[in-house]
Structures are given as structure tokens and as C-alpha cells.
1. Cα-based Rg (one decimal) and Dmax (whole number) for the range 83-182, in Å?
2. With only alpha-carbon atoms counted, please give the Rg and Dmax of the range 1-50, in Å.
3. Using a 1.4 Å probe, what is the accessible area per residue for the range 1-111, in Å²?
4. Can you run phi through the Karplus equation (6.51, -1.76, 1.60; θ = phi - 60°) for the range 69-78 and list ³J(HN,Hα) in whole Hz, with x for Gly and Pro?
5. Starting from a Cα-only point model with no solvent, please compute log10 I(q)/I(0) by Debye for the range 1-155 at q = 0.13, 0.18 1/Å.
6. Counting every Cα pair in the range 53-114, what percent are over 14 Å apart?
7. For the pair residue 140/residue 171, report the inter-label distance in nm, with labels modelled 7 Å from Cα in the Cβ direction.
8. Once fully extended, how much extra length lies between residue 99 and residue 148, figured as 0.36 nm per residue of separation less the alpha-carbon to alpha-carbon distance?
Amino acid sequence: MNKYLKSTPFIDWRSENVAACARSLSIGLENKNDIAKVCFEYVRDQIFHSGDHKLNPVTTLASEVLTHKTGYCFAKSHLLAALFRANDIPAALAYQRVSLGGSNYGLHGLNAVYLKERGWRLIDARGNREDINVEFSLDSDCFAFECDGEGEIKRSSLYAEPLDVVTEVLLQSTCWRDVEGNLPDSIAIAIEG
């Protein structure tokens with residue numbers, strides 16, 4: 001479980017702004033489930049999805065996402081993992097492979113959180129919009145996309161670090177349109193049973 005609590009180059013929860021945000025979100029809360037819900041809702045509602053809102057800069061590190069209040073689903077998942085880990089809640093990254101229409105596919109980033117007596121739960125803080133409404137749940141996984149079509153993958157293995165294919169796209173992109181036209185794809189994400 002230690003690897004899901006570490007501060008890393010992309011999930012940099014020891015950075016001053018992320019650590020301070022994590023502390024402020026947990027003030028007055030003792031129950032890890034309550035802290036997890038508050039962190040989830042903060043990232044879902046207060047950090048804007050770069051593609052939905054057409055916002056720059058393209059962010060990758062959790063601290064960048066928090067500073068600029070924007071990120072693609074991948075970057076938002078980095079921040080959420082960092083906020084969980086800073087509050088001593090094990091958190092992982094997970095991916096879905098979604099259809100982009102026709103024969104085009106792309107990865108979608110989300111999180112897994114480990115809650116005592118609940119185990120691992122998949123949660124998706126990408127941000128709600130007219131056609132997406134995801135709530136935090138202790139009883140079931142929460143997905144923005146159902147992924148039931150041919151070639152789509154609903155769940156991947158859990159990762160302590162982001163996939164290289166994801167960070168490469170984010171780091172090489174200079175504006176939100178670059179990411180939009182270059183969404184990473186991988187059929188190599190290991191599938192859980």
C-alpha cells in the first residue's frame with residue numbers, strides 16, 4: 001500500500017500548495033470517508049476540465065493543476081490522488097479506453113481510492129456537465145463513461161504513477177487543443193477481472 005501513499009514527480013502532494021489544500025479540505029473531519037468525499041467534490045467542481053472549458057495552460061503535475069485550477073481528466077486525477085495521499089488515504093490512477101467515434105479511441109483518466117472496510121473504489125472527478133453527472137459513492141464505482149462498446153475498456157489495473165503515454169501528451173502540448181487532437185490511447189492497459 002505504501003506506493004499508493006508516496007509523493008512523486010507528478011503526484012507531488014508534498015508541494016506547499018497541495019499540502020495546504022489537503023489540510024484545509026480536511027479541517028474538522030476525522031473520518032477518512034468524509035475526507036475522501038470532500039477532496040473528490042473539490043476536484044470535480046472547483047478544478048475545470050480543460051477541454052470542456054477550453055482552458056490553458058495544459059497541466060500535468062498535481063501542483064500545477066491546483067495553481068491553474070484546470071486540467072484534463074488525467075491531470076485532475078493526479079491532483080485528486082495527491083489530495084488523498086496527503087490525507088493518508090491510499091490512492092491510485094486508473095484508466096478507461098473510450099470510443100471517440102468511428103475507429104478512434106482514447107484513454108480517460110480516473111482514480112481508485114482505498115477506504116477501510118470498503119476496499120478499492122473507482123471514482124471519476126473529471127467534472128460534471130449536461131450529459132455527465134458523477135457523485136461520490138462508498139458503495140459502488142463511479143464512472144463518467146460506461147464503456148460498453150466494442151474496443152472500449154471499462155477498468156484497468158491500478159497504477160501508482162501515471163502512464164508514460166499520458167504524461168508525454170500532456171508535457172508536449174502547449175494548449176488544450178493539442179491534447180484534444182492527440183488524446184493518448186493504449187490497448188495495453190492491463191485489465192482487471
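1. Rg then Dmax for the range 83-182, in Å: 14.5, 43.
2. 11.8, 32
3. 40
4. With coefficients 6.51, -1.76 and 1.60, one gets 6, 8, x, 5, 3, 4, 5, 4, 5, 5 Hz.
5. -0.55, -1.05
6. 59
7. Label at residue 140, label at residue 171, 3.9 nm between them.
8. In short, 16.7 nm is gained.
The values are calculated or read from the model by the stated rules, or taken from the named source; none is laboratory data. Everything numeric in this text was worked out from a predicted model, so none of it was measured. Here Cβ is always computed from backbone atoms with ideal geometry, including for glycine, and neighbour counts include all displayed protein chains. Note: accessible area is taken over every heavy atom of the protein model, side chains too, but ligands, DNA and RNA are not part of it. Shrake-Rupley method; radii C 1.70, N 1.55, O 1.52, S 1.80 Å.
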